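Colleague: First the structure, then my questions, so here it is.
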Amino acid sequence: MTDFAFNLLKEDGHARLGEVHTAHGVIHTPAFMPVGTAATVKAMTTESVAATGAEILLGNTYHLMLRPGAERVGRLGGLHKFMRWDKPILTDSGGFQVMSLAKLRTLSEEGVKFQSHLDGSTHLLTPERSMQIQHLLDADITMSFDECTPFPATPQQAESSMKLSMRWAKRSRDAFVERPGYGLFGIVQGGIYPELRAESVAALREIGFDGYAIGGLAVGEGQDEMFRVLDVTTPLLPKERPRYLMGVGKPGDLVGAVLRGVDMFDCVMPTRSGRTGQGFTRRGPVNIRNARHQDDPRPLDEACQCPACTGYSRAYLHHLFRAEEVLGLMLLTWHNLHYYQDVMRGMRAAIGTGTFTAFAEQFAADQALGDIEPL
Ligand SMILES: [Zn+2]
C-alpha cells in the first residue's frame, strides 16, 4: 500500500499543480470535493459523481455519528463500502457542525457536549472521539478536531478560540492511528487576524501534519477579506504538504484561492444550488426557474458536456423545476458538479502550461459577461 504523500508537480506564481496519494487512489490538485453529508451526494449516484471527474468526496462526521452511527458504518466495512465509493474520502472533524446544528452545546477544554438535532440524545465529541469516528468511517484524510471561530470575533475571542483549537490539534495528532495511505490534516484558525493566523500555522507545523487546512473562512467575512487572510497564511505553510480551504466556495472563490496557493476545496454550493434551481455556468449563475427560459431550446451551458447540457434544453429544465420533478434537481446537481470539475480541470491545465494568470483573467471576464441574451 502506498504511503500518504503529496507530489508538487509544478508551480505557476503561487498556483500549484500536484497529486495527493492515498490508500484509495490519487487526487489531482487543485481538486474540488463534492460534499456527501449523509453518506450520499444528494441526488447523485456515486457513478454519476465519478463521471463528473471528482476524485474525492467529503463526508460529515457530525451527521454520520448520529445516523447511522460510526460503529455501524465500521461494522459494515467503512464508508467506502457502505456508500459504494472506492476513491478517496475526507471526513470533517464534526466540530463545525456541532456548533452550527446541535442543540444545548457546552464547550469545555475536554470537547463539546451536545444534544442531537435529530432525537435530542446527548453526545460528547472530543478530539479523541473525533479521531476514533473518522477511523471507523475509514477516511483517507482525517481532519483534526477544532473550533471554527465565529465571525465576527474580537481579537481576544479569536485568540482564545484558536489556542483551544491548537491544543485540540495536538490531542488529535496523538490520538490519530497511523496507517499507510492515511493522512491527518491540521486546521489553521485565527479569524481575520494575520498575527493569529501566523501563530496558528507555527503551532501546527510544530506538531506536524500530512496536510494543512485553512478554516474559519467563508463564514460571512466576504471574498476580499478571505483573500487577504489567504495572502498572509498560505506563504507560511510548508510547500511540500497539500493545502485545503474548507467550505469554499463559489467558482470565482476557487480560482482566486488557487491563485493564492490553495490545493483543495469542498463546498455544498454546487449541490445545494442545484436543488434550488441555480446553475453555475461559464457566464455566471443562472436561475433556471426564471420565466425567460420557458421557451428556450438552448442548453444551460453550450460548452458543457454534462448530461443536462448535452441532452436537454433550458426550457425542459425550467419545466422540471416548475413542476417540482425530481429529475430537475438531479440534472442541475449533475451539471453543477460537472461544471465545478471543469473549472478544476481548466485550472490544472493552465498551471501545467504556465498560463494560470491568463486563465484567471479570462475566467473573470467570462463570468462578468452574464448569461446569454434571451431569445
Ligand atoms: Zn452542464
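The values are calculated or read from the model by the stated rules, or taken from the named source; none is laboratory data. Note that this is a predicted model, so its numbers are computed, not measured. Counting neighbours? That spans all protein chains shown, and the Cβs are built from the backbone with ideal geometry, glycine included. Accessible surface is based on the protein model in full, side chains and every heavy atom, while ligands, DNA and RNA are left aside. Shrake-Rupley method; radii C 1.70, N 1.55, O 1.52, S 1.80 Å.
Colleague: Within segment 348-358, is even one residue within 16 Å of the ligand (Cβ to nearest atom) and either among the β-branched types (V, I, T) or assigned to a helix (DSSP H, G or I) (or both)?
Modeller: Taking every residue of segment 348-358 in turn, none turns out to be within 16 Å of the ligand (Cβ to nearest atom) and either among the β-branched types (V, I, T) or assigned to a helix (DSSP H, G or I) (or both).
Colleague: Look through R289, R275, R197 and report the one residue that is surrounded by 15 or more Cβ atoms within 10 Å (Cβ to Cβ), within 30 Å of E324 (Cβ to Cβ), basic (K, R) and touching a Leu at 6+ places or on another chain (Cβ under 9 Å).
Modeller: On the way: R289 fails: touching a Leu at 6+ places or on another chain (Cβ under 9 Å); R197 fails: within 30 Å of E324 (Cβ to Cβ).
Answer to the check: R275.
Colleague: Kindly provide the set of residues from segment 295-316 that are open to solvent by 60 Å² or more (accessible area, probe 1.4 Å) and either under 29 Å from the mean Cα position of the chain (by Cα) or of a type in the set (A, V, I, L, M) (or both), ordered by number. First the steps, then the outcome.
Modeller: Initial filter on segment 295-316 (open to solvent by 60 Å² or more (accessible area, probe 1.4 Å)): 295, 297-298, 302, 305, 310, 312, 316.
Listed by number, the residues that qualify are E302, Q305, T310, Y312.
Colleague: Residues in segment 343-371 that are under 28 Å from D296 (Cα atoms) and open to solvent by 40 Å² or more (accessible area, probe 1.4 Å): how many?
Modeller: Summing the residues that are under 28 Å from D296 (Cα atoms) and open to solvent by 40 Å² or more (accessible area, probe 1.4 Å) in segment 343-371 gives 7.
Colleague: Another one. For segment 230-248, does any single residue satisfy the condition of being touching a Ser or Thr at 6+ places or on another chain (Cβ under 8 Å) and open to solvent by 60 Å² or more (accessible area, probe 1.4 Å)?
Modeller: Of the residues in segment 230-248, the ones touching a Ser or Thr at 6+ places or on another chain (Cβ under 8 Å) are 242-243.
This time we only want the ones that are open to solvent by 60 Å² or more (accessible area, probe 1.4 Å), so: none.
Looking for residues that are touching a Ser or Thr at 6+ places or on another chain (Cβ under 8 Å) and open to solvent by 60 Å² or more (accessible area, probe 1.4 Å), one finds none in segment 230-248, hence no.
Colleague: Of the residues that make up segment 72-94, is at least one buried (at least 24 other Cβ atoms within 10 Å of the Cβ), on the phi > 0 side of the Ramachandran plot and either in contact (Cβ under 8 Å) with a residue 40 or more places away in the chain or of a type in the set (D, E, K, R) (or both)?
Modeller: Checked against the condition, which is being buried (at least 24 other Cβ atoms within 10 Å of the Cβ), on the phi > 0 side of the Ramachandran plot and either in contact (Cβ under 8 Å) with a residue 40 or more places away in the chain or of a type in the set (D, E, K, R) (or both), segment 72-94 yields at least one hit.
Colleague: Tell me yes or no: at least one residue of segment 362-369 is within 12 Å of the ligand (Cβ to nearest atom), more than 23 Å from the chain's Cα centre (by Cα) and not in a loop (DSSP other than H, G, I, E, B). Step through it out loud before you land on a result.
Modeller: Taking segment 362-369 and keeping what is within 12 Å of the ligand (Cβ to nearest atom), we get none.
Looking for residues that are within 12 Å of the ligand (Cβ to nearest atom), more than 23 Å from the chain's Cα centre (by Cα) and not in a loop (DSSP other than H, G, I, E, B), one finds none in segment 362-369, hence no.
Colleague: If we only count strands (runs of 3 or more DSSP E) wholly inside segment 264-339, which ones have 1 or more residues that are modelled with pLDDT of 95 or more and within 15 Å of the ligand (Cβ to nearest atom)? If you could, list the steps in order and put the result at the bottom.
Modeller: Numbers: elements: 264-266, 278-281, 284-287.
Counting at least 1 such residues, we get 278-281, 284-287.
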